[in-house]
1. Pick from 114, 130, 102: which is out of contact with any Leu (no Cβ under 6 Å at 6 or more places or on another chain), under 12 Å from residue 52 (Cα atoms) and of a type in the set (Val, Ile, Thr)?
2. Just to be sure before I move on: is residue 75 at pLDDT below 95 and open to solvent by less than 50 Å² (accessible area, probe 1.4 Å) in the structure I sent?
3. Tell me whether segment 26-44 contains one or more residues that are at pLDDT 90 or above, surrounded by fewer than 10 Cβ atoms within 10 Å (Cβ to Cβ), out of contact with any strand residue (DSSP E or B) (no Cβ under 7 Å at 6 or more places or on another chain) and closer than 30 Å to residue 120 by Cα.
4. Scan segment 131-142 and tell me whether some residue there is modelled with pLDDT under 90, on the phi > 0 side of the Ramachandran plot, surrounded by 15 or more Cβ atoms within 10 Å (Cβ to Cβ) and under 13 Å from the mean Cα position of the chain (by Cα).
5. Tell me whether segment 13-25 contains one or more residues that are small (Gly, Ala, Ser) and modelled with pLDDT of 75 or more.
6. Scan segment 55-66 residue by residue and report those that are open to solvent by 70 Å² or more (accessible area, probe 1.4 Å), free of Cβ contacts under 8 Å to residues at least 40 places away in the same chain and in a loop (DSSP other than H, G, I, E, B).
Amino acid sequence: MLSSLPSARRRLVLVVVAAALAGVLVAVALVLTRGGDRPLVAAPQDRPGPVLLVPGYGGSTPSLEALARRLRAAGKDAQVVHLPGNGTGDLRDQAAVLNAAVHAALKRTRAPSVDIVGYSAGGVVARLWVEDDGGRSFARRVITLGSPHHGSGLAGLAGS
């Protein structure tokens, strides 16, 4: 098939195929080495651990406290994570606080993993924790409720 093409086009096709192959190889290498020292192992799925509830912007916790009480009444270990600045600070700083809360809960309960419920910006915090702080090795489930994972046009107004 390539032999039927003029030599200039044949070279062009070969260059495009080689470039595409090189791109695939680079992408595979990046996936395999991503995170360097961070494990890419999923958390154990066989035994539920504690449930951590992460509030959104402004840190309002009454509805999450009510959910935590219901979960505790059902026999779950559940707690609300209190974020610095009532959840109005840097999301990565909040993810670090979530990370500390996860490790404390795992140590306290000796469970293999946690379940995270993030409300609004708390879901974004949970996602950042999974992506940047190795959370995939500790989270059995992450549930986000009304979280603006693609940003929000209204978020800029909050600082005004």
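1. 102
2. no
3. No, that holds for no residue.
4. Looking through segment 131-142, at least one residue is modelled with pLDDT under 90, on the phi > 0 side of the Ramachandran plot, surrounded by 15 or more Cβ atoms within 10 Å (Cβ to Cβ) and under 13 Å from the mean Cα position of the chain (by Cα).
5. Among the residues of segment 13-25, not one is small (Gly, Ala, Ser) and modelled with pLDDT of 75 or more, which makes the answer no.
6. Listed by number, the list holds a single entry, 60.
Per-residue answers, yes or no, for (1) touching a residue at least 60 places away in the same chain (Cβ under 8 Å); (2) open to solvent by 60 Å² or more (accessible area, probe 1.4 Å):
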{"position": "70", "(1), (2)": "no, yes"}
{"position": "87", "(1), (2)": "no, no"}
{"position": "92", "(1), (2)": "no, yes"}
{"position": "96", "(1), (2)": "no, no"}
{"position": "123", "(1), (2)": "yes, no"}
{"position": "127", "(1), (2)": "no, yes"}
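The values are calculated or read from the model by the stated rules, or taken from the named source; none is laboratory data. On a predicted model such as this, the values are computed, not experimentally measured, just so you know. Reconstructed Cβ throughout: ideal geometry from the backbone, glycine too, with neighbour counts over all protein chains shown. Protein only, heavy atoms only, side chains kept; ligands, DNA and RNA dropped before computing areas. Shrake-Rupley method; radii C 1.70, N 1.55, O 1.52, S 1.80 Å.
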